[in-house]
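These notes are about the structure you will find just below.
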Amino acid sequence: MVDFGNILKKLRNQEKMTQQQLADRLGVTKSVVSYYELQERYPSPDVLIKLASIFRVSTDYLLGLAKEESISLSGLDCDDIILVKNLVSHLKNKNSSK
């Protein structure tokens with residue numbers, strides 16, 4: 001969990017969420033979220049699962065074990081999944097040609 005605090009802060013900022021807003025969603029205090037980000041405390045397994053759900057990432061990503069961020073495609077139909085995969089492929093090709 002070496003990078004947990006930095007990863008959490010990055011995800012929270014990407015969602016334009018305050019520490020208080022995240023705390024409210026987790027059912028903890030703002031200071032607990034601050035402790036997580038400062039790596040002075042680590043979340044329980046239940047809170048870790050809630051965080052993964054809130055930010056739509058894996059617990060492995062939150063813990064710094066998986067280097068790539070992933071997104072859930074559940075709830076999308078086959079045509080939508082194909083569109084998302086094509087968009088990702090297009091963006092990867094665009095960025096690799098820079």
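Since every read-out is calculated from the coordinates, none of them should be taken as a lab result. Since this is a predicted model, take the numbers as computed values, not measurements. So basically every Cβ, Gly included, is an ideal-geometry build from the backbone, and we count neighbours across all protein chains shown.
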**15 Å beta-carbon shell around V32, net charge (K/R +1, D/E -1)** = +2
**Prompt:** Cα to Cα, under 13 Å, and not fewer than 8 places away if on the same chain: which aspartates and glutamates meet these conditions relative to K67?
**Reply:** D3
**Request:** Please tell me the relative contact order of the chain in percent, rounded to the nearest whole number, where contacts are Cα pairs under 8 Å and at least six residues apart.
**Result:** 24
**Message:** Less than 14 Å Cβ to Cβ from K16, Lys/Arg counted +1 and Asp/Glu -1: what total charge do the surrounding residues give?
**Reply:** +3
**Complete:** Rounded to whole angstroms and listed largest first, the alpha-carbon spread of the chain along its three principal axes comes to 41, 32, 23
**Item:** Inter-label distance, nm, simple model (7 Å from Cα along the C-beta direction), D80/K67
**Value:** 3.2
**Request:** May I ask you to sort K85, K9, K30 by Cβ crowding, counting other Cβ atoms within 10 Å and putting the fewest first?
**Result:** K85, K30, K9
**Request:** Per DSSP H run of n ≥ 4, the term is -39500 (n - 2.57); total these for the chain, divide by its residue number, and report the mean residue ellipticity at 222 nm rounded to 500 deg cm²/dmol.
**Result:** -18500 deg cm²/dmol
